[in-house]
Amino acid sequence: MRVGVSIAALVAGLALLAGAAAASRADNPVLTGDVGIGDSFAIQLKDASGQPVTHLDPGTYTLLVHDHSTFHDFHLFGPGGVDVSTNVESTGDSTFTIALTDGTYFFQCDPHSGQMKGKFTVGTVTTTTTPAPAPAPPPTAVAAAIGPGAKVSLVPASGLSAGRFAIKVADRSATDGFRVAGPGVAKATGIAFKGTVTWRVTLKAGRYTFGSVRHAGLRHSFVVGS
């Protein structure tokens, strides 16, 4: 008889504990996850109001996951040791109690994490701002000319370092053209062309030639340093 009373008391105690746990879990805000509806490659996490979760207050939550597919899973992980998931091969509903702290949390389908994923923040999150890269310096301006007559020029033709250049060519000859050639560059105006053109080029360390297209005697050289 005493044994029976003890067993009955034990059963009653367990029932009370289970009821208390269920009540405690019911008091937690509910987050609802869905994955693979109709075997689609879709995953989502919504709050109690049905809105996508983007930010939450720290605290204890009940996570209810509806897993609709036998080739997807729902995996939630983040700070505080939170790491819960459903089985890839199974479908159905799963319930987890999770304690969320400050930080960023991630959810994904493990077999397809490259395309089925999301994240949200909890509490205060420190973000690191990457400074914008410094703008590239403008190209070095160089003025070049040919004509009238047997005149060719390039200014400056010394003290140049490798980099980006804007070479503005004034071609004043209707019977000759201006050319510049060297490592990685070969530019020339047409023999019959008269006018102005700007070449945007990258000059490397090495020796370059400039001057007449037609007459080798009207060609000069300059050196670009490293």
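Some notes on this structure:
- Accessible surface of the chain, 1.4 Å probe, proportion on carbon and sulfur as whole %: 58
- For ASP102, the solvent-accessible surface with a 1.4 Å probe is about 80 Å², rounded to the nearest 10.
- Sequence of ILE37, ILE98 from largest to smallest accessible area, 1.4 Å probe: ILE37, ILE98
- A simple rule links phi to the HN-Hα coupling: the Karplus curve 6.51 cos²θ - 1.76 cosθ + 1.60 with θ = phi - 60°, which for the stretch 63-71 gives 9, 10, 10, 9, 9, 9, 9, 8, 10 Hz, with x for Gly and Pro.
- Sequence of ARG219, ARG179, ARG214 when ordered by accessible area, the most exposed leading, probe 1.4 angstrom: ARG214, ARG219, ARG179
- Taking the Cα centre of the chain as reference, the dipole from Cβ charges on Lys and Arg (+1) and Asp and Glu (-1) amounts to some 2600 debye.
- The chain, relative contact order [Cα under 8 Å, separation at least 6], %: 12
- What the pair-distance distribution of the chain shows, using all Cα-Cα distances binned every 5 Å from zero, is 1, 6, 10, 11, 8, 6, 4, 3, 3, 4, 5, 6, 7, 7, 6, 4, 3, 2, 1, 1, 1, 1, 1, 0, 0, 0 percent.
- Solvent-accessible surface of the stretch 125-226, averaged per residue with a 1.4 angstrom probe and all protein chains in place: 59 square angstrom.
- If only the Cβ of Lys and Arg carry +1 and only the Cβ of Asp and Glu carry -1, the dipole of the stretch 104-226 around its Cα centre is close to 420 debye.
- Taking HIS68, HIS75 and ordering them by how much accessible surface each has at a 1.4 Å probe, largest first, produces HIS68, HIS75.
- Ordering THR95, ALA188, THR126 by the projection of their Cα atoms onto the charge dipole of the chain, which places +1 on the Cβ of Lys and Arg and -1 on the Cβ of Asp and Glu, puts ALA188 at the extreme positive end.
- Value of [θ]222 nm, deg cm²/dmol, for the chain, DSSP H segments ≥ 4, -39500 (n - 2.57) each, nearest 500: -4000 deg cm²/dmol
- Antiparallel bridges, percent of DSSP beta bridges restricted to the chain (to nearest 5): 75
- Charged neighbours of LEU56, selected by a Cβ distance under 14 Å, balance to -1 (K, R count +1; D, E count -1).
The values are calculated or read from the model by the stated rules, or taken from the named source; none is laboratory data. Here the structure is a predicted model, which means the values were calculated and not measured. Backbone-built Cβ (ideal geometry, glycine too); neighbour counts: all protein chains shown. Protein only, heavy atoms only, side chains kept; ligands, DNA and RNA dropped before computing areas. Shrake-Rupley method; radii C 1.70, N 1.55, O 1.52, S 1.80 Å.
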